[in-house]
Structures are given as structure tokens and as C-alpha cells.
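Beneath this line is the structure, given in C-alpha cells, with notes to follow.
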Amino acid sequence: FHIKTDASAWMKVACWLLCVSTAGAFAVLPKDQVAQQTFKLYRSKGAKQGHSWVTDNCKYLVGLLRQKNAVVKKLATAADAVGRDSALSEAERHFQVHTLEVFQKELNESEHLVFQAVHGLHRALQGDYRDVVNVKESSRQRLEALREAAIKEEQEYVELVAAEKHQQESVKSALAQNKSRSILDKILEDVRKAADRLEEEIEEHAFDNNKQMKGVNVEAVLRVEEDEENGGKRKNKSQQKEVEDDLGLSMLIDSQNNQYVLTKPRDSTMPRADHHFIKDLVSVVMMSLPCGWICTTVGLPPMFGYIICGVLLGPSGLNSIKSMVQVETLGELGVFFTLFVVGLEFSPERLRKVWKTSVQGSCYLSLLMVAAGLLWGQMLRIRHTQTVFISACLSLSSTPLVSRFLAGGSRGDRDAGDLDYSSVLLGMLVMQDVQLGLFIAVMPTLIQAQSGDLGSLLFGSLRILRLLAQVLLCLAAVLLLCLLLKSFLIGPYYKKLHAESKDNKEILVLGVSAFVFFMLMVTEFLDVSMELGCFLAGALLSTQGHMVTADVLACIEPIRDFLAIIFFASIGFHVFPTFVLYELTILLVLTLTLVIMKFMMAVLVLSLILPPGSRHIRWVVSAGLAQVSEFSFVLSSRARRAGIISREVYLLVLSVTTLSLLLAPVLWRISTPQMGSRGPTQDHHM
């Protein structure tokens, strides 16, 4: 570096360098002696009259260090005196000693920060500023030091707050001893003690318990709150505010622009509500009504309108949704109840009839997609891990979307030949949901395989085989549980619910929902698929007859419909029209290629596995499978975080998935009339 400045600036730099080098040379000495040596060396160089500020600063530093040492000694002497004071109780003596130690720690930390800053300046001046890596490493070390300092400062602040509270309580206690206390004062004193015990019991000390865990970092965040005094306008607060004074909900924004809201307050005795989430739900519901209405008027499925609602309110539109994760989580409940209703309409007879076709068809389709992906990857020279993941991700199809299609058709149109297309289609979709859990479990193996190490690749292959065996074992356990529930529990359970809910339908709704969530938790515990658990819950209840199915549908369908609206709107959050317009040509080519390829593969597989009397349904079943599941959003986001796919590939998968979902109703409408014309005239009812 070429430094152009006057002689005065040169002298300042030289004096600072002298102080820094002296601090390094005399690091073994006490810090007050380091400052004295710095001052002596400076005087030996012959300071000029115009630079007396260095002399004054060195004198000031030496004086502060001497004063600090004297105060620390006095605090230590006072702590010894308090420890020997027999007039104090054990708890009071311990607390006063601890408070004096906190003061000593504060002084020592302040002194440490001064010399840490000097060493940091020394390290920065010795660095090579032409090397960006050097500068980055220096910045990283400084950031780590600041994080450690932040943790220590947080501890000291909490201890000082506790000391202040104890001091105030001591003053109140001293005043109370000098006057007669009334009965009300005694009651309030007992209540205060009980409240203190309650706070100690419910406080989890989450910060202290988690800060030392592996992988935990302290980061700087912006805290954004609503200013009620200024008409609800927001303002940024850079300084820490006491939790006791914060009765609202704050939003934290980290350096990566991730936004967080309070999920569990320190004081659980005060009720709180996430107003951002409430406003988001109101916005989604209010906007979904006109959007769905318009689509129904022009002859489009209403789910189009719900997706458009999500586009308008999401990041690519008005960007008014602040609690996206919470809204999407609520939308997942729509998926669960949709699959429950699908299982409720899926009788065990239909399930036994199509299970073999469903298992074979879904497995063959996935294998064909992976093989085609590897072929394209070899031609385009893409890594095998990326092609395997993308192919497996795109092989899945959307169960909620297809169930909506089937809900709009009549029963007579579905039944034809030996098998009805709705049973085959839903069976294959449910098996794909089971495969989803396997894909998530295999993802760590794909990450290991990216390194190209043969040993890790062989280990990964063995791990995949072990996972397959584990999935088959878990499926067998789930089926055994379903058999036991059907034989011994479902009948008495529903009879009890029906008897208790004659005058109160809430019991029936709660009982059915609890059973759905029970099956969901069982399958999740066995690492199979939460969606499979919801489907099996409906299938088990359907064994109780048509009347039971009708009663349960009457209670659950309104809940399912409301949550499904939230789900389809949350899909719109991930639609980015600007990106689609920029890359419209390539996205349309990719989407049409994918839809046609999935359709032709499904037709080929179904032609091989369907019985001769039902092969005519392969067209409509293939049309239902020729789109990409919304769960590709989840899989691709995990793969992007794990480094399996890049940001560009992630956006392409996102856009192709969305466009395929938008094209699915068109393909379905084209194929269903063909189904009616090809099928036999006789209907077979199960």
C-alpha cells in the first residue's frame, strides 16, 4: 500500500505500531507493565511537543490499569469479608459473594477487550491485503471473537439483572420489617414467592442449555417490532430490550435475510398471538374466494384460482405473506385430510384388487424415470447423483390434485372392466407417497456419493439395500397393525364415538381426527410416510360400512376443503412469473417433454401389468400420473441445502413442477372423454 499523508499522520501510525509491537513483545508481563514499557519506549524515542496526545493516552492507559487492579483487590477483600460474615444467611452470603465476583469479571473482561483490540489491529496490519483469503480469515477471527464476547456479555447482563432484582427485594424486605404488615401484604408476599417458584419451574434456560452445543453459532439479528404509539408503524431496534417489557411479538431477521417470529415465550403465563399469521390466513381466504369464483365461471377448476391467489399474495406478487412457513404447514394438514378422505372412499375390496398393480406400477415407473435420467445425464455430462435425485423427484405425482379430479367424476364413469381407473390411479399414487419417505432417507447417501470415493459409494450401496429392507419391514409392521385395529378396535371405537356424538358432533370430529393423527404418528415413527398413515386411517374406517363413511364424510369434508384451499394457495407461493417469463421457451420445452415422457412411460408400464380386460384404462391413469408432485418442492429444497443440486437446477425443478400441475387439468379433461368412449358399456360395482 502507498500511504499518502502528512508528517503528523505518519507519527500517529508509528506510535500506534510501537504500542502494538510492544504489546506483543511483553505479552508475558502483566498488562499494566506492558503499558508502562510502551510509555518508556515512546519517551526514549523523543516525542515531539506537537504529539503529546500519545503521551497522554499512554499515561491514561497506565492509570486505568492501576486503578482497575486496585478495585479488583478491594472487591476480592470485600468478598472474603462477606464470606466470613456469620450474621448473613448462607443464601445471602453466597449471593453477595457472587455479585462481587460478577463485578470483578466485568472489569477483567473490559481490560481483555482493550488488549484484544490492540492484537486485532496488529494482526490486521501484518496481513497481506492483496490476498482476499487473508482478509476473510482475519474477518472470520474477529467475528468469532465478537460472538464469544456476545455470549459472555449476555451472561453478565442476566446476572446483573438478577442482582438488581435481588437488591430491590432486599430493600422491600428491609422496609417491610420496620412496619406492621397487614393480612393483604402477607397474602401478596406468599403469592410473590409462589410466582417466583412458578417462573423458575417453567423457565427452560434454552439459551444457556443450547449455546454450547455442537454447530450452534451466535449471530447478529435485527429485531423488528410494531410501534403501537406510532399507529402500528414498524421500527428497528438495535439495542436489547428486556423480555419482561416485551409484551408483543417481535420479528428477527438474520444476516441471511431469514425471518423468525416468536414460537415459545420465556414467560408462558402471558397469552400471546401471532398476528402476522392471522393476517396471512385472512388474506389467503379473502383472496381465494374471488380467484376461485372467476376460474369456476370461465370453466376452469377452482384450484387454479387458489394457486393464482398464492401467486398474487406470495413473494412474486404483493409479498404480503409474512408467515409463509406457518401457512404452508397448515396447508400440509389439507394433504393429510385429503388422503384420509381418499382412503375413506377406498374400500378394502378395492384395495385388495389393485395392490399388486399399484406396487408394480409405481416401482417400474420410478425405475424407468431414473434410467432415463441417467441416460440424459450421460449425454449432457451431469453428475450421477444429480440425475438420480432429479429423476426420482420428478417421478412422483400429486395425490391431492388427482383426488380433486376424481371427486368431480361420477362413479359410473370410473368403473369399467375388471378394474376401475380411480382405484388403480389412487393405489399407485399412495405407493409413490411411500417412496417419498425412502427418497428422503436415501438423500444422505447421495451426498456422500458426490465425493466420488469408491469406499463411500460401496458403503452407500449397502446402506440403500439396508434402507429397502427396513422399509419393507416397516410396511409389514404397519399392515399387521392395521389388521389388528380392524379386528379388535375400529368397531368398538366408532360405536362409542357415534353414541357420544348424537347431540354433539364435536366428539365425532375430534375422535376421527385423533385416529387420523394416531395413524400418521405411527407411520412417521416407522419412517414410512405420514401420508400413507392418513390413507390407511380412512381405509380402516371404511370397513365399517357405507353409513359410517357417510357420517364421517359429512363432518370431515368441510375441514378438508378449507385446508385444501390453504394448500393450493401455498403452492402459488413458489410460482415466480418473472422467472417463468424470462425462461419461458426452455421451461415450456422441459415441461412438455417431461409430461409426454411420463405419460408414455405410464402407458407402457400399465400395458404390461394390467389384465387384458382393463387395459383401456391405461390412458386416463397415465394422464393422471403425467405431472409432478408438490412434494418435489420439499425434496428439491433439501437437496439444494445439502449441495446435491445448484440454485439454477432448483429453480428449474420448481418451475417445471408448477407448470406440470397447471397443465394437468387440461390433460385430464382430454383423456376422460376418451375413457368413456373406450370403456365397455357394462358397469361393474364393487
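Pairing residues of region 75-87 that are in a loop (DSSP other than H, G, I, E, B) with residues that are surrounded by 14 or more Cβ atoms within 10 Å (Cβ to Cβ), at Cβ distances under 7 Å and at least 6 apart in sequence or on separate chains, gives Asp85/Arg93. Can you pull out the residues in region 374-389 that are β-branched (Val, Ile, Thr), closer than 27 Å to Val430 by Cα and open to solvent by 40 Å² or more (accessible area, probe 1.4 Å)? Once the filter is applied, which keeps residues that are β-branched (Val, Ile, Thr), closer than 27 Å to Val430 by Cα and open to solvent by 40 Å² or more (accessible area, probe 1.4 Å), region 374-389 yields only Val388. What are the residue pairs meeting all of these: first residue in region 536-550, first residue assigned by the TED database to the domain that holds Leu483 and assigned to a helix (DSSP H, G or I), second residue of a type in the set (Asp, Glu) and modelled with pLDDT under 85, Cβ atoms under 8 Å, and 6 or more apart or on different chains? So the pair list comes out as Gly538/Glu345; Ser542/Glu345; Thr549/Glu345. Tell me yes or no: at least one residue of region 280-291 is in a helix (DSSP H, G or I), under 28 Å from Ile556 (Cβ atoms), touching a Gly at 6+ places or on another chain (Cβ under 8 Å) and at pLDDT below 90. No; the residues of region 280-291 include none that is in a helix (DSSP H, G or I), under 28 Å from Ile556 (Cβ atoms), touching a Gly at 6+ places or on another chain (Cβ under 8 Å) and at pLDDT below 90. One residue alone among Leu454, Leu473, Leu468, Leu419 is modelled with pLDDT of 85 or more and not charged (D, E, K, R), and that residue is Leu473. If you go through region 337-371 and keep only what is more than 30 Å from Met519 (Cα to Cα) and open to solvent by 20 Å² or more (accessible area, probe 1.4 Å), you end up with Leu368, Val370, Ala371. For region 545-588, a tally of residues being at pLDDT 90 or above and surrounded by fewer than 13 Cβ atoms within 10 Å (Cβ to Cβ) returns 1.
Restricted to region 390-408, and to residues that are among the small types (Gly, Ala, Ser) and under 18 Å from Ile596 (Cβ atoms), which residue is surrounded by the most Cβ atoms within 10 Å (Cβ to Cβ)? My answer is Ser397.
The values are calculated or read from the model by the stated rules, or taken from the named source; none is laboratory data. Predicted, not measured: the structure shown is a model, and the values here were computed from it. All Cβ positions, even for glycine, are placed from backbone atoms using ideal geometry, and neighbour counts span all protein chains on display. Side chains included, ligands, DNA and RNA excluded: accessible areas come from the protein's heavy atoms. Shrake-Rupley method; radii C 1.70, N 1.55, O 1.52, S 1.80 Å.
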